Structure formats: structure tokens, C-alpha cells
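Here is the structure we will look at.
Any read-out appearing in this document is the output of simple, stated calculations on the displayed coordinates, not a laboratory observation. If you're wondering where the values come from, they're calculated on a predicted model, not measured in any experiment. Counting neighbours? That spans all protein chains shown, and the Cβs are built from the backbone with ideal geometry, glycine included.
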Amino acid sequence: MSRENLVLHSMSEVVAAVPHFLGVHPQDSLVVVPEVTGRAPVARVNLPRGVAQTVAVARELARAYAGAGVGVVLLAYTDQPDLAREVCDTVRERLEPAIPVIGSVAVDGDGWARLDGPNRGEVTQSDRDLMTAEFLVLERPTPFATPGELRQAYAPGQQVPGAVMVLASERAAEAARSDRAGFVERAWITTTLARAAAGRTVLSDPDAARLIADVQHIPLRDHAWASMERETASRHAELWRDLLTRCPQSRTSAEAPVSSVASLTAFAHWLDGDALKARVALDRVPAGTAYEMARLIEVALELGMDPRTWTVPDDRDGPRLDPSGLSTSEGLRRAPREAPKPPAGRGPGRPHR
């Protein structure tokens, strides 16, 4: 094994690796795996039904992979071989010759069959164990067994005690009013996020409540937002996911406090190149809520903006992020319309396929 290279020697290993790339075992899905990750994303879409849907999906995939300079493998996850062939053939026609399709595969459970040749096989336990070990070296989490299990990981859990939350809200309100208190609170946010991300620790109830309360105020939220960097995005994502499950459910406001925490969770996942989990986190934003940060992340996901274009604002340690300048919001708006990166640790030259 190597932290620098992940070499996949067979189609069984490719199929075994897909859940680790996506963070979940796909079902009824079309998955696109580039022959060299880092130049293009590993993509997943719901398996289209009918020619019109398939053509629309192929059009979006062609845009996402345009100019990447790599071939791709199409994997259709379904127990209907005819549907798998129809989808893969239609997508291939729309991608080639600009984007070479080097393999089309139907996947049903552990079994796979080439649609462009006679080869077929089955993912063995040794294949799964190898991929688990490889991705552990890359510090990637174990994939969820089903999409439902993934969504459950972001659902409300044991909430922060109400009395603790009241005290934290009072402190946050004072920090939002006072420059001196705000400076102290921003310093605490920086230290707390850095320590939690480095140690993968779960925050105590008082610290969790304090952070949840702080990010209800846009200057403090933007400071937490600007504290995220690509190198540690996966750890920040797990921290915010935990806080999202512990958010108190407001009886008086649909927005507070879930919207801000869900948006920060989604942004961390987007920054880590994990669009699937970013969308799951955004699903926690209450329906009908006009929360600007959530809207910006939705735009980034819809346009396939490249997280590698994200830069931390120079004024991150200032009194507040200036929304008229290069703020986090503006940085996201300026990102070009490119496909998200693959998860960290799999840049150009790693892995080779």
C-alpha cells in the first residue's frame, strides 16, 4: 500500500473501490470513474430511465469531464442488465470521442459483467479488505451500507441540553454586539476548530452549544467558515456533522439553529470533494428556508464548481469578513464551473488505473 498511489489491478478492485470513493454503496446508480483521479471526479447519478433522461445525464457528464484528458469507466448499478446496457450505450455515444469510455460494466451486488466484452466476475472478500485497508491509509471513513444509513447519520440525535444552549446563546449575542467580546470569541472558535479537527474529538455539550450558538451570527459564522481548508476539510465535515445531529430543534423559527450548522457541514463536504454528503447535509435545512449560504452551496453543487479554486480569505483573523470584498461568499461565487475534486489524498498521479 502507498499513500501516494492507489493502483487498481482489476475490475473487481474498481468495483470494490467505488463505495470508498462515494462514501456509500451505490444503488440504482450510474457511477463514472476516471482512469486517473485528480484530473476529474468520481461521479454518481441516479440511474436514468428512458432515452430523454439518459441523454440529459450524458450531457451533464460530458460537461463535467470535458478537457480532463482521461478515459472513464461507466458502472451501472442495477439488477436489470438490459437497462444497464441501454444507459451505458447511450452515455458512451454522447461522450465519445471527446471522452473515451474504456469500459462499460453492469454491477449487481458483488457481481459485475462487462457490457463491452465477455469478462465477468465477483468482488471477493480479499478485494474488499484490500480497498478498506488502502482507504484507511488515506484516512477515509468506512462507506455507509445504504443511502438510508447515510441520511440517518445526519438526522437529529441527542440534542444539546436546553439550559446549556441558553447560556451559550447569551454569550454569542454579546460577542456579536461587542468588538472586544467578538475578538475573544473568534479566537476561541479558531482554537476549538483546529484542536477538534486535529484530534477528531467530539465536543462537550458546553463547547458544542457555544459553537452552535456562535454560528447563528453571520460574522462569527463566517469566521468559522473561513477557518476551513482543503487539507482538513474531511475532519471539519465530521465535526460539523456531529453538531448538526445535536442541534436543538427550534419551535419558533424554521431557520435557527439548524440552517447555519447544516450549511457549514455541507460546505466542509463540498470542500472535501464529497458532493453526495454535501447534499445530504443541505437536506437538513428546513424546506422553504431562504438561507443564503445554503443557496450558494447548492449553486456550487449544481454547477460542479471545483473546490480546488477555494482560497481562505486574507482577512480571516480580522474583526469580521467583509461581504463586499473577498469574503467566503464571494470566493464561492467566483469559483469556475468545474467538476468537484475526488477525495483528499487522490490528486494527480494517485491513483493510476
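Would you mind working out the magnitude of the charge dipole of region 11-146 relative to its Cα centre, with +1 at each Lys and Arg C-beta and -1 at each Asp and Glu C-beta, to the nearest 20 Debye?
Approximately 460 debye in magnitude.
Taking the mean number of other Cβ atoms within 10 Å as a proxy for protection, how do you rank 177-183, 12-18 from highest to lowest?
Details: 177-183: 13.0, 12-18: 23.6.
Going by the mean number of other Cβ atoms within 10 Å, highest first, we get 12-18, 177-183.
For region 259-312, the convex hull drawn through the C-alpha positions has a volume of 72 cubic angstrom per residue.
Judged by the mean number of other Cβ atoms found within 10 Å, the most tightly packed of the peptides 215-224, 152-161 leads the ranking 215-224, 152-161.
Which peptide among 21-27, 226-232 comes first, and what is the full order, when sorted by highest mean count of other Cβ atoms within 10 Å?
Going by the mean number of other Cβ atoms within 10 Å, highest first, we get 21-27, 226-232.
As a test, work out the antiparallel percent of DSSP beta bridges whose residues both lie in region 11-146, rounded to the nearest 5.
70 percent
Converting phi to 3J(HN,Hα) with the Karplus coefficients 6.51, -1.76 and 1.60 and the offset θ = phi - 60°, region 221-234 yields 4, 5, 5, 5, 4, 6, 6, 7, 10, 4, 4, 10, 4, 5 Hz in sequence order, with x at every glycine or proline.
Each Lys and Arg contributes +1 and each Asp and Glu -1, all at the Cβ; summed about the Cα centre of region 204-284, the dipole is approximately 220 debye.
Please work out, to two decimal places, the log10 of the ratio I(q)/I(0) at q = 0.18, 0.21, 0.22 Å⁻¹ from a Debye calculation in which every Cα of region 11-146 carries one identical scatterer. Debye output, listed in q order: -1.00, -1.33, -1.43. Phi angles of region 269-280 translate, via the Karplus equation with coefficients 6.51, -1.76, 1.60 and θ = phi - 60°, into HN-Hα couplings of 5, 4, 4, 8, x, 10, 5, 4, 5, 4, 5, 5 Hz per residue; Gly and Pro are given as x.
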